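Read the structure below first, then the notes.
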Amino acid sequence: MSWFFGSANAQNQANDDYKLHLAEIDHQHKERLAEAENATKQRIAEAENATKLRLAEICSNEKEIAGGIGGKGGKSLKLGGDGGFGQGTRLTIEEAMRYRRITGGIGGEGGEGDHQGGNGGVGGRPMFEKPLVSPVHGEVPNLTTAGFCKQYRLSAHICKLLENGGFETAEGLVNVTTTGAAEVGLKPGHIAELTRALKKFVAEKYLFVLVQTFSVEYISGQNATDSGVAIWNLNLFPMF
């Protein structure tokens, strides 16, 4: 009989120890969750503060930028020459945020002609280039282009084009635009592969990204000149 009660007591003690062990694990789990939640709230608050500062900078910024002015068409005894093309500004979203107003190019004045004057030149519209992935908030991990290409399974050909184009680190790749990628020799299929890799990189390395959207109002005028005013909205999207 004593053996029976001793065995029961040992079993009860084992059950109590197991319950204490489970309670300790649950407590540790709750502590880790609370720490992660607080860290997340802190990072989001820092990002929101940075966004507010950027918005204040935009609202107080009075800088303007304009495109080029096309040259005047040549004078002729019969038909005057056409005015030159006024190249519009070409900016990334980040660069455009530094300016309060962005205007397009102005076409050149048509040349004089005894019988008929030349046509006015065309003014190019501003071009806003969007990065392949949304701008990230925070420091980009120190990773070479070669390491990035290897880790995210980009071909040796794409890697070589990127390195020859001057992209030495992942930090530079995060900011590349479609136009910038095309200028170093990447074709549409290559750009699609690079975009895939960058999206995976951002999703793995960052809790959230700062997504910037904008709209541009264009005003048509004589000689097909265009002007644009950039209107910005900044939104924070957590990536959970």
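Summary table below
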item: Some residue of region 117-125 being touching a Ser or Thr at 6+ places or on another chain (Cβ under 6 Å), buried (at least 19 other Cβ atoms within 10 Å of the Cβ) and within 30 Å of Gly68 (Cβ to Cβ); result: yes
item: One residue from Val122, Val136 being at pLDDT below 75, within 13 Å of the chain's Cα centre (by Cα) and under 26 Å from Glu183 (Cα atoms); result: Val136
item: Selection status of Glu112, modelled with pLDDT of 75 or more, touching a helix residue (DSSP H, G or I) at 6+ places or on another chain (Cβ under 7 Å) and surrounded by fewer than 18 Cβ atoms within 10 Å (Cβ to Cβ); result: no
item: Leading residue by the ranking (farthest from Asn119 (Cα to Cα)) among those in region 69-105 that are hydrophobic (A, V, I, L, M, F, W, C) and in contact with a helix residue (DSSP H, G or I) (Cβ under 9 Å, 6 or more places away or on another chain); result: Met97
item: Every pair of residues 6+ apart whose Cβ atoms lie under 8 Å, when the first sits in region 194-210 and is in the same structural domain as Val140 (by TED's automatic domain parsing) while the second is modelled with pLDDT under 90 and of a type in the set (D, E, K, R); result: Leu207/Arg43; Phe208/Arg43
item: Failed item in (1) under 25 Å from Gly68 (Cβ atoms); (2) modelled with pLDDT of 85 or more; (3) acidic (Asp, Glu), with Glu163 passing the rest; result: (1)
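The values are calculated or read from the model by the stated rules, or taken from the named source; none is laboratory data. This structure is a prediction, so every number in the text was calculated from the model and none was measured. For neighbour counting, all protein chains shown are included, and Cβ atoms are generated from backbone atoms with ideal geometry for every residue, glycine included.
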